[in-house]
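Below is one structure, written out as C-alpha cells; comments come after it.
The values are calculated or read from the model by the stated rules, or taken from the named source; none is laboratory data. No experiment lies behind these values; they were computed from the predicted model shown. All Cβ positions, glycine included, derive from the backbone under ideal geometry; neighbour counts span all protein chains shown. The area values use the complete protein model at the heavy-atom level, side chains included, leaving out ligands, DNA and RNA. Shrake-Rupley method; radii C 1.70, N 1.55, O 1.52, S 1.80 Å.
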Amino acid sequence: MSQSKGVSIKLMDREFTVNCTDEERPSLENAVEFLNKKMLEIKETGSFIGVERIALMAALNFSNELLNSKAGNFNVGDYKKRISSMQDAIDDACK
C-alpha cells in the first residue's frame, strides 16, 4: 500500500486538504462528489445558512440513512434510483 499524502478537495467552494493513499483516492473523490451534491441540495432548500450547519445536516441525513439500512429499514427502489442517476452522470462525463 502506498503512503498517505495530502489531497486537495473542494466542498461548496471551500478547499480542504485531506490525507489518503493513491489506492483510496478514487473512493475519496466519489465521496467528495456525493457529499458536495448533498450539501448543495440542502443549501438550495434555503432552510439552513452557513457551511457548518449544512455540513451538519448532511452528516445527520447520512447517519440516519446508514442506521436505517443496518436495521433493514431502507427502500431498495431509492437506492436503485440513486445508482441509476450516478450511472447516468458517469455516462455523461465519458461522452
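Please name all residue pairs, on different chains or six or more residues apart, with Cβ atoms under 6 Å, provided the first residue is in the range 60-88 and is modelled with pLDDT under 70 and the second residue is in a helix (DSSP H, G or I).
Listed pairs, sorted by first residue: F74/N68.
Return the pairs, sorted by first residue and then second, in which the second residue is open to solvent by less than 50 Å² (accessible area, probe 1.4 Å) and polar (S, T, N, Q), the first residue lies in the range 7-31 and is within 20 Å of E52 (Cα to Cα), the beta carbons are less than 7 Å apart, and the residues are 6+ apart or on different chains.
Within 7 Å, the pairs are L11/N36; M12/N36.
T17 versus (1) touching a strand residue (DSSP E or B) at 6+ places or on another chain (Cβ under 6 Å); (2) open to solvent by less than 40 Å² (accessible area, probe 1.4 Å): which is the lone unmet condition?
(2)
Are any residues in the range 21-46 surrounded by 12 or more Cβ atoms within 10 Å (Cβ to Cβ) and more than 19 Å from F62 (Cβ to Cβ), and if so, which ones?
T21, D22, R25
Look at the range 47-71 and say how many of its residues are part of a helix (DSSP H, G or I) and either β-branched (V, I, T) or surrounded by 13 or more Cβ atoms within 10 Å (Cβ to Cβ) (or both).
Matching residues across the range 47-71 total 11.
Take the residues in the range 1-45 that are more than 23 Å from R82 (Cα to Cα) and not in a strand (DSSP E or B), then tell me which one is modelled with the lowest pLDDT.
M1
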